Amino acid sequence: MNVTSIDWAIIAAFFVISLLIGLYTSKKAGSSAKEFFLSGRNMPWWLLGVSMVATTFSADTPNLVTDIVRKNGVAGNWAWWAFLLTGMLTVFVYAKLWRRSEVTTDLEFYELRYSGKGAAFLRAFRAIYLGVFFNVVIMATVSLAAIKIGGIMLGLEPYETLLIASVVTVIYSSLGGLKGVLLTDFFQFFIAMIGAFGAAYYILDLPQIGSLDNLLTHENVVGKLDFLPDFSDPNAYIPLFLMPIAIQWWATWYPGAEPGGGGYIAQRMLSAKDEKNAIGATLFFNIAHYAIRPWPWILIALASLIVFPNVSDISAAFPNIPADKLGDDLAYSAMLTFLPTGLIGIVLASLIAAVMSTLSTHLNWGSSYIVNDFYLRFLKPEASDKELVAVGRISTVALMAMSAVLALALSSALDAFNILLQIGAGTGLIFILRWFWWRINAYTEISAMAISFVVAIFFEVINPKVNWIMIPENQAYLKLVYSVTITTIGWLIVTFITAPEKDEVLLSFYRKVTPAAFGWKKVLDRYPEEKQTIGQLPKEIGLMMIGSAMVYAALFSTGFFIYGNMLGGFIAAAIALGGGVIIIRSWKNLS
């Protein structure tokens, strides 16, 4: 594609601003580990919320959406739209609980909620398991998207793309800590959104497309437009809608959509200045992530079905792309090659921003686990703040290097997405219940983690070779059902055959976090002097449902208007507005 000096100037300016932000925040970030990883717990909701949105707008996200739309139509997006439910549960139930816990990372929670060797093992193991293994896999999928974008749009070799994408990210992430990441995310978010909307607007006017009306009536597109799958076909509605909305959102663990909050979402809630800022940040994130961002990606994905109907058409147009990197997800980058001078620079900068915002968050989040939950807790408890910041910066570089190596071996973001869902299947319910049910203990979580991993390896690696359990190709969703069922039964058995946590540990947690007392009653009844706080849990769950309906209505209202269905658009908009009014009126009582 023709990238001119104007485009390169836009990209260079983007890099310079990102580096300057890192340099600007480096001095304060290096003053203490708390500053480096939590920005002093004084961040406002709007900065945290935008950062959450920027982080989840990684370069592989539009690729993933394009892959889904080309294979399964717009309705296929329920694979990730369903996670709105757990997002809203975090907003109205868990955000304030996380902020009250005052832990530095969500892994520190283990030694607040549990005790003994089990809690220590959980914290140490998950620091490496999540902070290194899972984190590197996620960053590798983001880097894979960067490789595909660089190959198609700039003709770069994979190692060249990785070198360019990682160097600047590592510099400002390691210098500026979380505050540098937050401020850079804020800047990168607006670049990313301008690029996405600008690209969609221009592509709809391409001669091959003609107009929005032509797109929506084209024979390659008409069958892909429905918001919901065909409910007369179980092979369509079960995997595309029923499984995500009935099981996946609460039963699986996935970074950025953890049941009960966790990971870098928890990190931002923990860095909020108070409970209401934690709630506001997560609410803004869920509205922007699910209701505002998807449609530019969906429109470009639909347009690609006209220009590049098959993967072979992409291969013919871009013969330099290695065979193992070819797939439907490449169609997004392929469509961007039609953009004009100036807009190419903005879009390339927006895609670079998407890569860097996600990588920088994962680098800071992963290094926080390595430093706080492994190095400081188990290797060198007497380490100074200066030493901890140094270890954080070194681990940032190491994590980036490992993810770059893995990215060269991956071929599809959708494949990685499905594998990660499978590994976390069956663990989600624990993350929801552990705040509200006293009986859950450290061995509950250890067993769930072990069982889900073994079951995932069986279904993804062993069973395809031995065929002990026959799963038809059109019923691959059964793997999730089996995994959730086996893992849940397993951890429930372990929970009831192992001893509960000591009363003093449970009471200490209850007093600090003050969850609703329903699931703690058996413990609290043994101590009449303890105040049994009923809380607002039923109301909070009601607001979760209202918030979910509000965001879905806003998402589909936009879709109806794009499709030319004015009545449907206005009805959905009225539902979204009504939900917003209810939430605003309930706001003062949320914390």
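Grab the helices (runs of 4 or more DSSP H) fully contained in the range 50-123, keeping just those with 3 or more residues being β-branched (V, I, T) and either without any contact (Cβ under 8 Å) to a residue 60 or more places away in the chain or crowded, with 24+ Cβ neighbours inside 10 Å (or both). Can you show your working first?
Values: elements: 60-72, 78-81, 84-89, 95-101, 110-113.
So the answer is 60-72.
Could you check how many residues of the range 149-183 are surrounded by fewer than 24 Cβ atoms within 10 Å (Cβ to Cβ) and within 20 Å of L270 (Cα to Cα)?
1
Step by step: first the residues of the range 261-318, then only those that are among the acidic types (D, E) and part of a helix (DSSP H, G or I), then the one that is surrounded by the fewest Cβ atoms within 10 Å (Cβ to Cβ). Which residue is that?
Of all residues in the range 261-318, those among the acidic types (D, E) come to 274-275, 313.
The next check asks that each one be part of a helix (DSSP H, G or I); those that pass are 275, 313.
Numbers: E275: 17, D313: 14.
Checked the range 261-318; the qualifying residue surrounded by the fewest Cβ atoms within 10 Å (Cβ to Cβ) is D313.
Does I451 satisfy the criteria of being loosely packed, with under 13 Cβ neighbours inside 10 Å, closer than 30 Å to E108 by Cβ, of a type outside the set (S, T, N, Q) and modelled with pLDDT of 90 or more?
Spelling it out, it is not the case that I451 is loosely packed, with under 13 Cβ neighbours inside 10 Å, closer than 30 Å to E108 by Cβ, of a type outside the set (S, T, N, Q) and modelled with pLDDT of 90 or more.
Scan the range 515-557 residue by residue and report those that are closer than 30 Å to I292 by Cα and aliphatic (A, V, I, L, M). Reasoning before the result, please.
Within the range 515-557, the subset closer than 30 Å to I292 by Cα is 536-557.
Matches in the range 515-557: L537, I541, L543, M544, M545, I546, A549, M550, V551, A553, A554, L555.
Here are some residues: L215, L182, L206. Which one is part of a helix (DSSP H, G or I) and over 25 Å from A54 (Cα atoms)? Steps first, answer last, please.
Details: L182 fails: over 25 Å from A54 (Cα atoms); L206 fails: part of a helix (DSSP H, G or I).
Just one listed residue meets the conditions, L215.
For G547, work out the one condition from (1) buried (at least 18 other Cβ atoms within 10 Å of the Cβ); (2) under 31 Å from the mean Cα position of the chain (by Cα); (3) more than 15 Å from I279 (Cβ to Cβ) it doesn't fulfil.
Failing condition for G547: (3).
What are the residues in the range 497-539 that are under 30 Å from S447 (Cα atoms), among the charged types (D, E, K, R) and touching a residue at least 24 places away in the same chain (Cβ under 8 Å), if any?
Residues satisfying the conditions are E501, K502, D503, K512, K522.
Among the residues of the range 558-567, are any in a helix (DSSP H, G or I), within 24 Å of the chain's Cα centre (by Cα) and surrounded by 15 or more Cβ atoms within 10 Å (Cβ to Cβ)? Spell out how you get there, then give the answer.
Going through the range 558-567, the residues in a helix (DSSP H, G or I) turn out to be 558-563, 566-567.
So of that shortlist, the ones also within 24 Å of the chain's Cα centre (by Cα) come out as 558-559.
The next check asks that each one be surrounded by 15 or more Cβ atoms within 10 Å (Cβ to Cβ); those that pass are 558-559.
Yes, that holds for at least one residue.
Considering only the range 405-430, how many residues are at pLDDT 85 or above and surrounded by fewer than 22 Cβ atoms within 10 Å (Cβ to Cβ)? Outline the logic, then answer.
The first filter runs over the range 405-430 and keeps only residues at pLDDT 85 or above, leaving 427-430.
Those still in the list that are surrounded by fewer than 22 Cβ atoms within 10 Å (Cβ to Cβ) too: 429.
Of the residues in the range 405-430, 1 are at pLDDT 85 or above and surrounded by fewer than 22 Cβ atoms within 10 Å (Cβ to Cβ).
Just checking, does the range 516-534 include any residue being in contact with a Gly (Cβ under 9 Å, 6 or more places away or on another chain) and surrounded by 17 or more Cβ atoms within 10 Å (Cβ to Cβ)?
Of the range 516-534, the ones in contact with a Gly (Cβ under 9 Å, 6 or more places away or on another chain) are 516-518.
If we keep only those that are surrounded by 17 or more Cβ atoms within 10 Å (Cβ to Cβ) too, we end up with 516-517.
Looking through the range 516-534, at least one residue is in contact with a Gly (Cβ under 9 Å, 6 or more places away or on another chain) and surrounded by 17 or more Cβ atoms within 10 Å (Cβ to Cβ).
Considering only the range 124-139, state which residues are buried (at least 24 other Cβ atoms within 10 Å of the Cβ) and out of contact with any Phe, Trp or Tyr (no Cβ under 6 Å at 6 or more places or on another chain). Explain how you work it out, then say what you get.
Restricting attention to the range 124-139, the residues satisfying the condition of being buried (at least 24 other Cβ atoms within 10 Å of the Cβ) are 127, 131, 135, 138-139.
N135, I138, M139, listed by residue number.
Please find, among Y202, Y129, Y159, the residue that is out of contact with any Lys or Arg (no Cβ under 6 Å at 6 or more places or on another chain) and under 30 Å from E501 (Cβ atoms).
Exactly one residue qualifies, and that residue is Y129.
Can you tell me which residues in the range 459-477 are surrounded by fewer than 19 Cβ atoms within 10 Å (Cβ to Cβ), within 19 Å of G490 (Cβ to Cβ) and touching a helix residue (DSSP H, G or I) at 6+ places or on another chain (Cβ under 9 Å)?
Result: E460, N463, W468, I469.
Could you pull out the residue among W98, W80 that is aromatic (F, W, Y), under 29 Å from G176 (Cα atoms) and modelled with pLDDT of 80 or more? Steps first, please.
Details: W80 fails: under 29 Å from G176 (Cα atoms).
One residue alone meets the criteria, W98.
Quickly run through the range 375-404 and pick out the residues that are among the hydroxyl-bearing types (S, T, Y) and either surrounded by 15 or more Cβ atoms within 10 Å (Cβ to Cβ) or in a helix (DSSP H, G or I) (or both). Give the steps one after another, and end with the answer.
At the first step, the residues of the range 375-404 found to be among the hydroxyl-bearing types (S, T, Y) are 375, 384, 395-396, 403.
Result: Y375, S395, T396, S403.
Identify, by number, the condition in (1) modelled with pLDDT under 90; (2) farther than 21 Å from F121 by Cα; (3) aromatic (F, W, Y) that F436 doesn't meet.
Only one criterion is unmet by F436, namely (1).
Select from the range 218-261 the residues that are among the small types (G, A, S) and more than 18 Å from V484 (Cβ to Cβ) and list them in ascending order.
Initial filter on the range 218-261 (among the small types (G, A, S)): 223, 232, 236, 246, 251, 256-257, 260-261.
Answer for the range 218-261, where residues must be among the small types (G, A, S) and more than 18 Å from V484 (Cβ to Cβ): G223, S232, A236, G256, G261.
How do the pairs read when you match residues in the range 460-474 that are in contact (Cβ under 8 Å) with a residue 60 or more places away in the chain and of a type outside the set (A, V, I, L, M, F, W, C) with residues anywhere that are surrounded by 10 or more Cβ atoms within 10 Å (Cβ to Cβ) and not in a loop (DSSP other than H, G, I, E, B), using Cβ under 8 Å and keeping only pairs 6 or more apart or on different chains?
Short answer, once both residue conditions are applied: N474/N235.
Would you check which residues across the range 204-238 are over 21 Å from W297 (Cβ atoms) and of a type outside the set (S, T, Y) and list them? Give the derivation first.
From the range 204-238, those over 21 Å from W297 (Cβ atoms) are 207, 219, 230-238; that's our starting set.
Once the filter is applied, which keeps residues that are over 21 Å from W297 (Cβ atoms) and of a type outside the set (S, T, Y), the range 204-238 yields P207, E219, D230, F231, D233, P234, N235, A236, I238.
Please tell me if L326 is buried (at least 18 other Cβ atoms within 10 Å of the Cβ), of a type outside the set (G, A, S) and at pLDDT below 90. Walk me through how you get there before you give the answer.
Values: buried (at least 18 other Cβ atoms within 10 Å of the Cβ): no; of a type outside the set (G, A, S): yes; at pLDDT below 90: yes.
For L326, the condition - buried (at least 18 other Cβ atoms within 10 Å of the Cβ), of a type outside the set (G, A, S) and at pLDDT below 90 - is not met.
The values are calculated or read from the model by the stated rules, or taken from the named source; none is laboratory data. Fair warning: this is a prediction, and the values are worked out from it, not measured in the lab. As a convention, Cβ positions derive from the backbone with ideal geometry for all residues, glycine included, and neighbour counts pool all protein chains shown.
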